[in-house]
1. With a 1.4 Å probe and all protein chains in place, put M272, M203 in order of accessible area, largest first.
2. What is the extension gain from L687 to A58, computed as 0.36 nm multiplied by their sequence separation minus the C-alpha to C-alpha distance, in nm to one decimal?
3. Give the long-range amide H neighbours of L330: residues separated by 5 or more places, or on another chain, with amide H under 5 Å away, using H modelled in the peptide plane at 1.01 Å from N.
4. Scaled to the compact-protein estimate 2.2 N^0.38 Å, what is the alpha-carbon radius of gyration of the range 278-388, rounded to two decimal places?
5. Short version: ³J(HN,Hα) in whole Hz for each residue of the range 590-602, in order, from phi by Karplus 6.51 cos²θ - 1.76 cosθ + 1.60 (θ = phi - 60°), x for Gly and Pro, what are they?
6. To the nearest 0.05, how large is the calculated FRET efficiency for E505 and I91 if R₀ is 51 Å and r is the Cβ-Cβ distance?
7. Just subtract the alpha-carbon distance of V209 and R358 from 0.36 nm times their residue separation and send over the number in nm, one decimal.
8. Sorted by average packing, counted as other Cβ atoms within 10 angstrom per residue and highest first, what order do 393-400, 316-323 take?
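The values are calculated or read from the model by the stated rules, or taken from the named source; none is laboratory data. These figures come from a predicted structure and were not determined experimentally. For neighbour counting, all protein chains shown are included, and Cβ atoms are generated from backbone atoms with ideal geometry for every residue, glycine included. Quick note on the areas: whole protein, heavy atoms, side chains included, nothing else; ligands and nucleic acids left out. Shrake-Rupley method; radii C 1.70, N 1.55, O 1.52, S 1.80 Å.
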Amino acid sequence: MDDWKMQQGNLGPEADDAYDDMSMLDEARQPLSRKVPIASSKVNPYRMVIVARLLILAFFLRYRILNPVHDAIGLWLTSVICEIWFAFSWILDQFPKWFPIDRETYLDRLSLRYEREGEPNMLAPVDIFVSTVDPMKEPPLVTANTVLSILAMDYPVDKISCYISDDGASMLTFESLSETAEFARKWVPFCKKFAIEPRAPEMYFTLKVDYLKDKVQPTFVKERRAMKREYEEFKVRINALVAKAQKVPPEGWIMQDGTPWPGNNTKDHPGMIQVFLGQSGGHDTEGNELPRLVYVSREKRPGFLHHKKAGAMNALVRVSGVLTNAPFMLNLDCDHYINNSKAAREAMCFLMDPQIGRKVCYVQFPQRFDGIDRHDRYANRNTVFFDINMKGLDGIQGPVYVGTGCVFRRQALYGYEPPKGPKRPKMVSCGCCPCFGRRKKDKKYPKNVGNENGPSLEGGSDSVFSLVFSPTYCFFNPLTLNFIYTCGAAVEDDKELLMSQMNFEKKFGQSAIFVTSTLMDQGGVPPSSSPAALLKEAIHVISCGYEDKTEWGSELGWIYGSITEDILTGFKMHCRGWRSIYCMPKLPAFKGSAPINLSDRLNQVLRWALGSVEIFFSRHCPAWYGLKGAKLRWLERFAYVNTTIYPFTSLPLLAYCTLPAICLLTDKFIMPPISTFASLFFIALFLSIFATGILELRWSGVSIEEWWRNEQFWVIGGISAHLFAVVQGLLKVLAGIDTNFTVTSKTTDDEEFGELYTFKWTTLLIPPTTVLIINLVGVVAGISDAINNGYQSWGPLFGKLFFSFWVIVHLYPFLKGLMGRQNRTPTIVVIWSVLLASIFSLLWVRIDPFVLKTKGPDTTKCGINC
């Protein structure tokens, strides 16, 4: 009726205002996000081709198994084993992409619901973690830009706390952070006044775009010029600190007050916490409050296991739980700055959504990178993984955690299970008839709760903290570390059971304040706690022995046991029944740097692959872990199994890449002569492979060049980094030989893409170079043999040449990386590769192990002319 009256113009201005208020209220009640399924015209043909390819693959493998090559049985058996493994690996990779989806967020609805005018801001607080280790490999200027982008993000300043973990206890990082805090007083108001993007100054001032677009304030040009000058002066100060840190004084570093720097011995130092910006004194040049900025360096002592990055992140979880205790946490690498100032709001559209947010453990954003060459020679962008695989997982139980750019729910990291939905009510009988329903039970009341006038706890009121929930109250006794939930005079059965079964001291550690914070779902710190007491407790929770005999690293926080702690951490949450969300805003939320030269890229892939091998041989292997609870969906389990076994594909891949060269050198075949009917299956198999890739690109939006780069580097990494990861993983499991990894350098070359041509020696280069040379030798030998034997030998040669060229084309980016800018390959690589290829080829031709030996006629019986 109101709509009709509005059309007739019969409602007055007061009614118009009321109508607008009603419309805004209705808008605020709408969902904060929605799931956008891929169009059926795109995804249904894709699924049909997958099924067809699966059937064709089954017929192909059946044909290969039932038709052996008797005169080269070894080659045939090797090829069949490789093909079976490739089919198994493809199934694990393909079927988790069966339900791809997109998502949309509604930031305006988020503001209408939680940021109403005239009312307190109800957006949830967020603790942001940034981790760094070595300032010489992770330049302080890069870390400073990340911190500045965090402090200037579009979110209420009283709800942001930034924690910097300095796991190298470097005075350079400490002093750089102090300079960053001072510069932030000028940078943050400039960003918010003119709404600039991105809010990392280095990236903003180097953008090759029209920075006057959409700017209407006359003072913008003047203030931008002044701010750029301020930033250049800031860079000079940071560079001076870096130059000073190049040479360590014999007596160690001395702070400005004359005292020795506590972290002079990086392996033996106390815990350090410094609040640079906070509630008191943290204001910008215009008098506005700034977000909290905290420096943290955990204690390190000889004889203790520190668990590298996972241990540092767990220390930040405890420190933030004591000081601010925000219900959500965002973790970033030091080189990943906030590119979209509304990134936290994007995540809150899922985590604070009343409909889906309660069961979401984290929101993962895709990784995007700066400074990569236009052709992305070594597939640094990982577009196929982030734009195809992760979208597929989002349609099942959520994407895997990839180590950075992720907003966590704190309660999920604490090992709690997701809240259960309302159960179907059971039929209750009076008890007189045992055949129907269940007998009604009287409610149980715990001991020492008190009467209906109020609760009473042993130890008196002085030993009790009261934490207010809605509508439940939690009382904590620090002497016994026991918790009792009351609701009026009655105690909820489920909460009482949970509290009675849980030993908080064993679970969270011996800190009464921190244990108290773990039960506060909405975050916050006890109002009666003083800042000095909280800082003292924060120092305690980052001590070396705090995690002893607790569940940190096994059930809580970042999980230990692998150098890829991110996969393990997300896997444990999914096994508890949580789901995750994949958020892809149009403007990328975060951007970072990636190693673009060949050696660093291979070492990065080696680290990831070794972590997967460690998980495979651990008790957390996804093939069997969590089967009892059955809270992990099967397609999600397929994806996790694939993340742990993909390095083992290097063994059949290496064999398959050398088979064409072996066939050319020995003039043998791995397949028998095929009939016309069988050839149809081969053609159908190749067509299904191409059709799957094309349809995948169609619904995902990935370009064919990105897909091809991913295919090339899959081969390059498979026969180098993945192979070494399997060998090192087996050595670690069987012989206990561990491997130390260094942090990937984040330094950049002064010349654009100069790092792309930098060559660094590593043994990872030898296997691909050897395979490349063997195939080139095989091609030359095969063509020479065909020329000598005449026209009839060219037909069988084409099949062998096809697969050899397939290997060479996939290794082409590797060949360009070896040549470098000057088209020169280091002598040591050439010598070792040619030597290995020559020895291998000569021995193979001489021994011919995979060819069946046939005996000739007996000349003693039939004579010399037989």
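1. Largest accessible area first, the list is M203, M272.
2. Taking 0.36 nm per residue and subtracting the Cα distance, the gain is 224.9 nm.
3. Sorted by chain and number, the residues that satisfy this are D127, I128, F129, F408.
4. Its radius of gyration relative to the 2.2 N^0.38 Å reference: 1.40.
5. 9, 9, x, 10, 9, x, 9, 8, 4, 5, 5, 5, 5
6. 0.65
7. 49.5 nm
8. 316-323, 393-400
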